[in-house]
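Single-structure report; data block below.
No value in this document is a laboratory result; all are computed from the given coordinates. Since the model is a prediction, treat every value here as computed from it, not as a measurement. For neighbour counting, all protein chains shown are included, and Cβ atoms are generated from backbone atoms with ideal geometry for every residue, glycine included.
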Amino acid sequence: ASAVACKVLGRPVRVAMNLTQDMGISGNTRHIFRCDYRVAATKEGKIVGFDNKMLVDAGCANDYSDYIVDELLKRQDLAYNVPNYRGILNMAKTNNPSATANRAPGLAQAAAITETVVDHLARELGVSQEQVREKSLKPKTGAKDQTGQTILQWNVPDLWQQAKQEMEFTKREAEHAVFNKANRFKKRATAMQPLKYAIGYLNMSGATVTVNVNAADGSVAVQTGCCEMGQGCTTKVLATAATELGVPVDQVSVFYPDTSVLPNLQTDGGSAGAELLCQATKSA
């Protein structure tokens with residue numbers, strides 16, 4: 001836009017946009033998916049087959065779209081054992097702004113689709129969503145993810161039963177049923193939902209921290225290469241430094257990345273960067 005105005009006016013032109021406009025043209029949304037699916041299950045609600053065809057709006061440019069759809073296809077099983085699965089996915093180039101990665105890219109869409117299937121299946125069978133989820137959980141031994149990789153230390157079945165007991169789920173459901181029957185407009189509900197979220201990135205270079213202790217007053221200054229985007233990286237690093245040194249948190253200052261001091265962290269997928277930087281803080 002500035003180039004067109006510059007040519008027409010014959011003078012330098014600067015375009016100043018507010019944040020909403022800037023994000024709007026650079027990609028301010030998750031990828032929008034359309035999904036048509038078929039699912040097979042037992043009468044008790046155990047999923048035995050899942051077939052879905054998806055179309056994704058990638059916007060006007062590829063951006064991170066290939067990574068997003070790859071993540072979706074690898075994560076769509078969530079915590080469920082789906083012995084028969086087929087996913088067909090096509091990306092569409094449209095006149096919309098380029099869609100880009102947000103927190104949990106690909107997994108968010110995968111979870112939305114799969115949990116919609118769980119809800120649909122529960123309604124068709126006349127059972128609760130929790131029954132479908134519990135019946136469809138990956139087994140405690142021999143659990144595999146969508147790529148066929150064996151999941152080590154899979155403890156979700158045990159955690160599920162522990163949660164049901166500690167939160168008295170069955171008792172609460174019964175109490176809510178009585179309450180809802182007696183109240184026309186005000187309703188109560190309790191829900192349980194398992195989740196498998198895979199993290200583990202190899203390109204984590206730049207996970208470096210410097211910790212400086214001021215000899216005069218004992219104050220602590222920490223510099224990291226983190227990319228703070230809501231995962232609480234700086235807060236975690238601050239708390240780690242304070243705990244390791246045994247000082248109050250208000251005596252520790254954490255600074256945002258400065259490439260004159262440290263290189264930027266290459267990536268922070270799955271908040272792995274925050275955890276690595278905490279370990280780097282302990283080492284420092």
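Brief remarks on what is shown
- Rounded to the nearest 20 debye, the dipole size of region 126-284 about its Cα centre is 1160 debye, using +1 on the Cβ of Lys and Arg and -1 on the Cβ of Asp and Glu.
- Working note: Cα gyration tensor of region 140-263, eigenvalues times five, square-rooted, sorted largest first, giving semi-axes of 44, 24, 15 Å.
- At most 13 other Cβ within 10 Å, DSSP loop - chymotrypsin sites (Phe, Trp or Tyr not before Pro), region 124-214: Phe185, Tyr197, Tyr201
- Centroid-to-centroid separation of region 84-114 and region 131-150 [C-alpha atoms, Å]: 22
- Fraction of alpha-carbon pairs over 33 Å apart in the chain - percent: 46
- Between Lys186 and Arg123, the FRET efficiency estimated from the beta carbon spacing at R0 = 22 angstrom works out to 0.45.
- Near Phe50, the amide H atoms lying under 5 Å from its own belong to Ala40, Asn84, Tyr85, Arg86; only residues 5 or more places off or on other chains count, and H is placed 1.01 Å from N.
- For region 9-80, the alpha carbon convex hull comes to 137 Å³ per residue, rounded to a whole number.
- Coil-residue trypsin sites (Lys or Arg not before Pro) of region 175-253, DSSP, other Cβ within 10 Å capped at 11: Arg184, Lys186, Lys187
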